[in-house]
Amino acid sequence: MTEKNKNIASAKAKSIKTSITKVNLILKMIRGKKAENALNILAFSKKRISNEITKILKSAIANAENNHQLDIDKLVVKEATVGKSMVLKRFRPRARGRSGKILKPFSKVKILVQEKEKEKEKTIIKEKNKTLEEKDNGTKN
């Protein structure tokens, strides 16, 4: 495993019975959030598919803890993507001997969680800002 992907864990679901747009509405709410907050958002969501996404997120958190020895309290949803899977095709009889096509789409979901260390990032940003202020002589143009 490379240094860049060392603190990232993932979980996938290959065939969820719903369309991509419906899943993406839920995933938009949890992208970039802390794992604990994301679970709370999903728990109080009224959408049916949020239960399936909760299972995937819990799996990603468990993978982070058991396989990568990451701290659960520092986990953040780095990436939550949805893609197209198979499509069931059904037909319904219509007027004058014709048939209407009914498409029943499936989706695949991938969730990546990453361990964030806020303190180190904040100190690095502060040091960069100090060096930028020192370079600026205070003159206005």
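The values are calculated or read from the model by the stated rules, or taken from the named source; none is laboratory data. What you see is a predicted model; the values in this text were computed from it and never measured. Methodologically, a virtual Cβ is constructed for each residue, glycine included, from the backbone with ideal geometry; neighbour enumeration extends over all protein chains shown.
It is to be established whether one or more residues within the stretch 133-140 are farther than 30 Å from LYS55 by Cα, of a type in the set (Val, Ile, Thr) and either exposed (fewer than 10 other Cβ atoms within 10 Å of the Cβ) or at pLDDT 95 or above (or both).
Looking for residues that are farther than 30 Å from LYS55 by Cα, of a type in the set (Val, Ile, Thr) and either exposed (fewer than 10 other Cβ atoms within 10 Å of the Cβ) or at pLDDT 95 or above (or both), one finds at least one in the stretch 133-140, hence yes.
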Within the stretch 14-37, is there a residue that is in contact with a His (Cβ under 8 Å, 6 or more places away or on another chain) and either assigned to a strand (DSSP E or B) or exposed (fewer than 11 other Cβ atoms within 10 Å of the Cβ) (or both)?
-> no
If you go through the stretch 100-123 one residue at a time, how many are modelled with pLDDT of 65 or more, farther than 24 Å from ILE30 by Cα and surrounded by 10 or more Cβ atoms within 10 Å (Cβ to Cβ)?
-> 3
Would you check which residues across the stretch 73-113 are acidic (Asp, Glu) and under 12 Å from the mean Cα position of the chain (by Cα) and list them?
-> GLU79
Unmet criterion (only one of (1) closer than 18 Å to LYS116 by Cβ; (2) in contact (Cβ under 8 Å) with a residue 60 or more places away in the chain) for LYS84 | (1)
Test: residue in the stretch 68-76 that is within 14 Å of LYS108 (Cα to Cα) and of a type in the set (Asp, Glu) = no
Candidate set: the stretch 67-99, residues that are more than 19 Å from THR21 (Cβ to Cβ) and polar (S, T, N, Q); chosen: the one modelled with the highest pLDDT = SER99
Going through (1) over 12 Å from the mean Cα position of the chain (by Cα); (2) in a helix (DSSP H, G or I) one by one, LEU70 fails only at (2)
Subset of the stretch 26-51 (residues that are among the charged types (D, E, K, R) and touching a strand residue (DSSP E or B) at 6+ places or on another chain (Cβ under 6 Å)) | ARG31, LYS33, LYS34
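Any residue that is of a type in the set (A, V, I, L, M) and free of Cβ contacts under 8 Å to residues at least 24 places away in the same chain - is there at least one of those in the stretch 96-113?
yes
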All positions within the stretch 41-63 that are assigned to a helix (DSSP H, G or I) and either over 14 Å from the mean Cα position of the chain (by Cα) or modelled with pLDDT under 95 (or both) = ALA43, ASN51, ALA62, ASN63
Considering ARG48, ARG31, which residue is more than 15 Å from LYS116 (Cα to Cα) and out of contact with any Lys or Arg (no Cβ under 6 Å at 6 or more places or on another chain)?
-> ARG48
